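What follows is a single structure, written as structure tokens, with notes after it.
The values are calculated or read from the model by the stated rules, or taken from the named source; none is laboratory data. Since this is a predicted model, take the numbers as computed values, not measurements. Using ideal geometry, Cβ is built from the backbone for each residue, glycine included, and neighbour counts are taken over all protein chains shown.
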Ligand code: PLP
Ligand code: COI
């Protein structure tokens, strides 16, 4: 098909071989996370001195890169994750994509990469979701996961910031992140490895953070766990976050339900789900606190009954309860390894909002179609 001629920052060049409806339906029958991709993607090139060039929406497929492209050597790569949800009126809306566009630029700045205008980030999302709207699943808990990324493409082996970059956006119909669905997970507290140190890149969503985490994630699996829990790098005492999600703890204090999440210290990712849940928890009548919490406090509070739940949260994970904790110092279970009422309530409130089943009083939903 010939490209449409517009002044849009994204030129639309539809695929000449999109999946037939039957094939698409077949691929979408068992949605897990991140292994099915839609028909299209968006690419936008950047050159120092020229800025961002013409974006193109085109058929999803491999990209060509020079073997000397600096991302392959020095790892200048950042990404984001947000979701598009089917709405009751048949439309499609994204949850807080502006917040992802902002965080993308925070990550870009930390990695000495160029910022992408927020309007371009959002326009790329609008174009791709509109083009591939048939790939947005409709069940509650399912969505179209949007994965923007930026990589350094200049062919140069000197260690310095690249002069050329590529922004890409792809989309993946998704269901539950964990293979077991929303069943509580078992976590491993890592004290052999750290994720991020002060002054490092912990607050940025850069590829290297995840590369460095994989050996710990493998160790966690070896210990029979689903996820690793990271401690602070300096004291190896305070809980920071999990492999790809933030963490919350639920306390019962003098008749009050208190949800606590580790404070943002610069070494953990400022999750958009985390920020949303702090607000939603308060609206549910819970007290919500951001503060340090140590492993000793976690274990002691579970033992004396003050802590009744723990759960992970993130775009991919939504809200996933933590049922069991393992570490070199011992093991403990929370709420007998079952989902607790606070995690269940917050999950329901969040999903209802995202799927348009509850009023969007915060203006968090961005209508696309
Ligand atoms: N922490 C890490 C390391 C992550 O990769 C993610 C996922 O994006 C989160 C936390 C949760 O962030 P968000 O709620 O913005 O998805
Ligand atoms: C997300 O929740 O969007 C994430 O990026 C987590 C993980 C898949 C890396």
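The figures follow:
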item	result
Odd one out for residue 225, checked against (1) out of contact with any helix residue (DSSP H, G or I) (no Cβ under 9 Å at 6 or more places or on another chain); (2) farther than 27 Å from residue 71 by Cα	(1)
Which listed residue is under 17 Å from the mean Cα position of the chain (by Cα) and touching a residue at least 40 places away in the same chain (Cβ under 8 Å), from 58, 83, 47	83
Residue in region 289-303 that is nearest to residue 190 (Cα to Cα), counting only those that are part of a helix (DSSP H, G or I) and in contact with a strand residue (DSSP E or B) (Cβ under 9 Å, 6 or more places away or on another chain)	295
Per-region count, region 295-317, residues closer than 30 Å to residue 110 by Cα and touching a helix residue (DSSP H, G or I) at 6+ places or on another chain (Cβ under 9 Å)	5
Leading residue by the ranking (surrounded by the fewest Cβ atoms within 10 Å (Cβ to Cβ)) among those in region 250-288 that are within 16 Å of ligand 2 (Cβ to nearest atom) and part of a loop (DSSP other than H, G, I, E, B)	270
Odd one out for residue 218 among (1) more than 17 Å from the chain's Cα centre (by Cα); (2) under 25 Å from residue 110 (Cα atoms); (3) within 16 Å of ligand 2 (Cβ to nearest atom)	(2)
Region 180-199, residues that are buried (at least 18 other Cβ atoms within 10 Å of the Cβ), under 30 Å from residue 115 (Cβ atoms) and away from ligand 2 (no atom under 14 Å from the Cβ)	194, 196
Test: residue 234 is more than 11 Å from ligand 1 (Cβ to nearest atom), at pLDDT 95 or above, assigned by TED's automatic domain parsing to the domain that holds residue 281 and assigned to a helix (DSSP H, G or I)	no
Spans of strands (runs of 3 or more DSSP E) in region 309-369 with at least 2 residues under 30 Å from residue 219 (Cα atoms)	318-327, 330-333
Out of 353, 357, 346, sole residue that is closer than 14 Å to residue 140 by Cβ and buried (at least 19 other Cβ atoms within 10 Å of the Cβ)	353
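For (1) within 27 Å of residue 349 (Cβ to Cβ); (2) within 19 Å of the chain's Cα centre (by Cα), each residue gets a yes or a no:
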{"position": "112", "(1), (2)": "no, no"}
{"position": "128", "(1), (2)": "no, yes"}
{"position": "134", "(1), (2)": "no, no"}
{"position": "141", "(1), (2)": "yes, yes"}
{"position": "144", "(1), (2)": "yes, yes"}
{"position": "150", "(1), (2)": "no, yes"}
{"position": "153", "(1), (2)": "no, no"}
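Each row is one residue, and each column tells you yes or no for (1) crowded, with 19+ Cβ neighbours inside 10 Å; (2) touching a helix residue (DSSP H, G or I) at 6+ places or on another chain (Cβ under 7 Å).
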{"site": "92", "(1), (2)": "yes, yes"}
{"site": "95", "(1), (2)": "yes, yes"}
{"site": "100", "(1), (2)": "yes, yes"}
{"site": "108", "(1), (2)": "yes, no"}
{"site": "117", "(1), (2)": "no, no"}
{"site": "123", "(1), (2)": "no, no"}
{"site": "133", "(1), (2)": "no, no"}
{"site": "144", "(1), (2)": "yes, yes"}
{"site": "151", "(1), (2)": "yes, yes"}
